[in-house]
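What follows is a single structure, written as structure tokens, with notes after it.
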Amino acid sequence: MKKQASDGVVIVKKYANRRLYNTETSSYITLDHLAGMIRAGRDFKVVDAKTDEDITHNVLTQIIMEEESRGETMLPVNFLRQLISMYGDSMQAMVPGYLEASMDSFRRNQEQFKSAVEGAFANSPFAEIAKRNMAMFEAAASAFQPGGAANPAPNAAPAATPTAPEASSGEGDVSALKAELARLQEKIEKLGK
């Protein structure tokens, strides 16, 4: 029998032997599987198999501990000390809401920055430079294939022959890159305001 909460939340049962059972897939899983579900945007609830008590918080804390012990440290020591010092403090009740709002804001800013950067590069000299570099790379790689330069890669664009000033210094590309970087810096500063 597959058991799933009415709002699409996957129910995971934790047994006394510390095994986790995914009721959606009818299979035993690990903390790594749960971490993967989180990264994939799947919502789940972990319950004690015997008492049906919600133990999701404890399991999520275990996942963080596992990640931190693997060298994937994200939580600075000073932050952890400050967090521990808040337990029992009169402000303790406000901390979870503040941390959740801060993380939501961080995620929104991350998405906006990503969209701005992707949009900025879409029709920029960087996109054209990337295409030219790929064509040159494919042409160079074909020289190492049997038959050498006589057998260019089938999808490779012909390598453009640079003009004398570009061949000697590449100053045109450098100044175009500098101009594009200045333009991107302006966009980033506008996003920050």
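The values are calculated or read from the model by the stated rules, or taken from the named source; none is laboratory data. None of the values given here were measured: they were computed from a predicted structure. Note that we place each Cβ from the backbone using ideal geometry, even for glycine, and neighbour counts take in every protein chain shown. Side chains included, ligands, DNA and RNA excluded: accessible areas come from the protein's heavy atoms. Shrake-Rupley method; radii C 1.70, N 1.55, O 1.52, S 1.80 Å.
Data table
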| item | result |
| --- | --- |
| Simple label model, 7 Å out from Cα along Cβ direction - MET74 to THR30, nm | 2.0 nm |
| Placed amide H near VAL9: partners under 5 Å, 5+ positions off or other chain | none |
| Label point distance in nm, LEU60-VAL95, each placed 7 Å from Cα along Cα→Cβ | 1.5 nm |
| R0 of 35 Å, Cβ-Cβ distance ALA16-ASP43: FRET efficiency to nearest 0.05 | 0.90 |
| Span per principal axis, largest first, for the Cα atoms of the range 1-74 (Å) | 39, 26, 19 |
| Relative contact order computed over the range 1-117 (Cα-Cα under 8 Å; 6+ residues apart), in percent | 16 percent |
| Sum of side-chain charges, THR73 neighbourhood, beta-carbon under 15 Å (Lys, Arg +1; Asp, Glu -1) | -2 |
| Probe 1.4 Å, all protein chains present, accessible-area order of MET37, MET91, MET103, largest first | MET103, MET91, MET37 |
| Unit charges at the beta carbon, dipole of the range 1-111: most positive-side option, LEU34, ALA16, VAL77 | ALA16 |
| Cut-off under 5 Å, modelled amide H: who pairs with VAL46 long-range | VAL12, ILE55, THR56 |
